[in-house]
Structures are given as structure tokens and as C-alpha cells.
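**Student:** Please see the structure below; I have some questions.
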Amino acid sequence: MRGLAGFLLCSLLLLLAPRSTGVAAQETPQPDPKMPCANWMGGAPGYPGHNGAPGRDGKDGRDGLKGEKGDEGPAGPKGEPGPVGSRGFPGPPGSPGIPGTPGQKGKDAFVQRSAFSVGLTERSPAPNVPIRFSKIFYNEQGHYDPSTGKFLCNVPGTYFFSYHLTVYLSDVKVSLYRKDKAVIFTYDQFQNNNVDQASGSVLLHLSSGDEVWLQVYGNGDKNGVYADNLNDSTFMGFLLYPDPDTY
């Protein structure tokens, strides 16, 4: 009964609340928890509501502290060679090197020499024998023998020989011999009352012991080789260079 009476009293109070004065409407009295209807006014607890929609992503947080260096990974496979680059500019010259040690003193080179130059002193030399040029201009090595008219090779090598003859009174035909064999011939036809010249020259390779000379060729009818105080007939020869194995 007591509970029913309390319920009726509370309902009556609710019906009378809107008719109160303006001040009362503005200041709605709060139920006194000590009153009998206080617990009733709280009502029974409701059911839990549905889960709300997920909220938006928050802002990125601050960077964390730098971690420790990890272990070195395994080496990768060898790559293919790249294209050849363009040629670079020359570098600066290097500094001079240290001088080398002096070499041993060499032996003095010996220069081989052989030469002669001679002239005729007799007129009309005999045919088919060496002409003896007895006027000596040069024969320092003594390789020409004026008693025989022959040059004897002492230094194997290449030689130059030449002769210049005065022609007078008859024609001239001479030849230069090497080892009893004629090498070259020279012929000059005499002109009456005129002094002429006949000449010839040759390069020869000689071995040691070879002989070279000049002689009138034929039976003697062409023996106009001449010499006097104003006209000379000369014969000469010299070594150009010795054979390599004689240096």
C-alpha cells in the first residue's frame, strides 16, 4: 500500500508542474533523492547501444630513434664491363729519372785505310803488261808497288779506282785488270796535232791478296798514253769501306 500511495503522489505532482508560475518554470526543482519517488525517477538501466563507426586515422607520430647498423649483405654477382671511355688528356711530364751508372770504357775504334795516287813518268808504256806509274802522289800505306805497277789489297772491302790519261801521237786502248782479268776498257781515237784525254772509273769489291793494275790492251798499235812536264797521266784508288768482319 505504501508503494502505491507513493506512486500516486508522484503522478499528481507531475500533473501540477506546468501550471506553476514563470519563475517556477525557469527553475525546475531537482527531485530530492530522499523523497520516495527518487528511485523511480531514475528508471531501469537501458540496453548497451551499438558500436559507433571507426574514427579517422590519427596523424603520423614522430620518427623513432635510429636503429643500429645491420650486418653486411652478401656480395652481388659481377656486372658486365661498361663501355670504353674516351681518351683522357696527357698527364704532366714525370720528373727526370736517376742517372744510370757509367758504362765501361770501350776500345778505340781502328779505322782501316788504304789509298794511293800515282802518275806516269815514261812515254808509250809497253803493251799487255802493267803500266808502271812511278810518280808517287800518295802511297802512305804502301799498298801500291811502283816497281810492278800493281795495287795489292790488304784490307778486304769495297774500293774505288779511276784513271785519267793524256792521249798523244796515236790512239789509246787501255783496260783495268783485277786478278789477270780485264774489268773495264777505255778507247780514245787520236786527232792529228791535238792532245786528248781518256779516262775511266769503277767500284770493285776486293778480297785480301787481290791485285789491280792498268795496262795497254792489244798488240801495241794503240799505245798513245803520254806524259811530260805539262801533261800527266794518273792512276788512283782508295778504300770506301771495309768488310764488316774486318772492323
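Coordinate-derived values only; no laboratory data. These numbers come from a predicted model, not from an experiment. Positions of Cβ are backbone-derived with ideal geometry, glycine not excepted, and every protein chain shown enters the neighbour counts.
**Student:** Residue by residue through the stretch 146-152, which ³J(HN,Hα) values in whole Hz follow from phi under the Karplus form 6.51 cos²θ - 1.76 cosθ + 1.60 (θ = phi - 60°), with glycine and proline marked x?
**Tutor:** Those phi angles translate into x, 6, 10, x, 10, 9, 10 Hz.
**Student:** Whole-Hz Karplus ³J(HN,Hα) for the stretch 155-169, in order, using 6.51 cos²θ - 1.76 cosθ + 1.60 and θ = phi - 60°, x for Gly and Pro?
**Tutor:** So the Karplus estimates, Gly and Pro as x, are 10, x, x, 9, 10, 10, 10, 8, 8, 9, 10, 7, 10, 7, 6 Hz.
**Student:** Right, something else. Could you sort 208-220, 184-196, 65-77 so that the peptide with the highest average Cβ count within 10 Å comes first and the rest follow in order? Can you show the working numbers first?
**Tutor:** Values: 208-220: 17.3, 184-196: 12.8, 65-77: 5.3.
Answer by packing, highest mean first, reads 208-220, 184-196, 65-77.
**Student:** Quick one: Karplus J couplings for the stretch 62-76, per residue in order, coefficients 6.51, -1.76, 1.60, θ = phi - 60°, nearest Hz, x for Gly and Pro?
**Tutor:** 5, 4, x, 5, 5, x, 6, 5, x, 5, 5, x, x, 5, x
**Student:** If amide H atoms are built 1.01 Å from N in the plane of the peptide, which residues on other chains or at least 5 residues away come under 5 Å of the amide H of Tyr159?
**Tutor:** So Tyr159 has HN proximity to Leu204, His205, Leu206, Leu240.
**Student:** Right, next: Highest mean first, how do 44-55, 140-151, 232-243 rank when packing is the count of other Cβ atoms within 10 Å averaged over residues? Numbers along the way, then the final one.
**Tutor:** Values: 44-55: 5.8, 140-151: 16.2, 232-243: 18.8.
So the peptides 44-55, 140-151, 232-243, ranked by packing, come out 232-243, 140-151, 44-55.
**Student:** Let me ask another. For Ala182 and Asp196, calculate 0.36 nm times their separation in residues minus their Cα-Cα distance, and state this gained length in nm to one decimal. List each step's numbers first, then the result.
**Tutor:** Details: separation 14, 0.36 × 14 = 5.04 nm, distance 2.34 nm.
Once the chain is fully extended between Ala182 and Asp196, it gains 2.7 nm.
**Student:** For Ala227, what residues show an amide H to amide H distance below 5 Å, using hydrogens built from the backbone and excluding near sequence neighbours?
**Tutor:** Ser124
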